[in-house]
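The values are calculated or read from the model by the stated rules, or taken from the named source; none is laboratory data. If you're wondering where the values come from, they're calculated on a predicted model, not measured in any experiment. A quick note on method: Cβ atoms are made from the backbone with ideal geometry, for glycine too, and the neighbour counts reach across all protein chains shown. Side chains included, ligands, DNA and RNA excluded: accessible areas come from the protein's heavy atoms. Shrake-Rupley method; radii C 1.70, N 1.55, O 1.52, S 1.80 Å.
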Amino acid sequence: QVQLVESGGGLVQPGGSLRLSCATSGIGFDIYAMRWYRQAPGKQRELVASITSGGSTNYVDSVDGRFTISRDNAKSTVYLQMNSLSPEDTAAYYCNASLPGLDYWGQGTQVTVSS
């Protein structure tokens, strides 16, 4: 059974940091591209960051330089380090694992940035 379980969300003040984790099971993690998406209320789901099986990363412009995606193949886990958070980063964050023809999602973790 494939599982992606996100954790690490919560309430943080503007300028603060959070580290999201997505622990996976049931997939050959090291061959999957991993992505973090987010969805704010009333908005479409947005791709935030991605990392290939080879470790190449990509970010949406709004988080580039503030967020860092990384992966630990030994732990089958992908991370999203989020720094300098702003209220605009408030959203539910979702982990995604993909291969051509395969697509798995976690249940999401809420990040709220507010003073």
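Under unit Cβ charges (Lys, Arg +1; Asp, Glu -1), what dipole magnitude, rounded to 20 debye, does the chain have relative to its Cα centre?
120 debye
Separation between the L99 and T52 pseudo-spin-labels, each 7 Å from Cα along Cα→Cβ, expressed in nm?
1.7 nm
Taking the Cα atoms of the chain alone, what are Rg (to one decimal) and Dmax (as a whole number) in Å?
Cα radius of gyration and Dmax of the chain are 13.3, 42 Å respectively.
Counting Lys and Arg as +1 and Asp and Glu as -1, each charge on the Cβ, what is the dipole of the stretch 1-50 about the Cα centre in debye, to the nearest 20?
180 debye
How much of the accessible area of the chain, in percent, comes from carbon and sulfur atoms when a 1.4 Å probe is used?
Carbon with sulfur: 46 percent of the solvent-accessible area.
Which value, to two decimals, describes the C-alpha radius of gyration of the stretch 58-110 once divided by 2.2 N^0.38 Å?
Working: Rg = 12.6 Å, N = 53, 2.2 N^0.38 = 9.9 Å.
That ratio works out to 1.26.
Computed FRET efficiency, Cβ-Cβ of T112 and Q1, R0 22 Å: what is it to the nearest 0.05?
0.15
Counting Lys +1, Arg +1, Asp -1, Glu -1, what net charge surrounds G55 among other residues with beta carbon under 12 Å of its beta carbon? Write down the numbers at each step before the final one.
Numbers: positive: R71; negative: D30, D72.
With Lys, Arg at +1 and Asp, Glu at -1, the net is -1.
For the chain, with every protein chain kept in place, what is the accessible area per residue (1.4 Å probe, Å²)?
On a per-residue basis, the chain sits at 51 Å².
Please work out how much length the chain gains when fully extended from R45 to S70, using 0.36 nm per residue of separation minus the C-alpha to C-alpha distance, in nm with one decimal. Before the final figure, lay out the partial values.
On the way: separation 25, 0.36 × 25 = 9.00 nm, distance 2.07 nm.
The R45-S70 span can extend by a further 6.9 nm.
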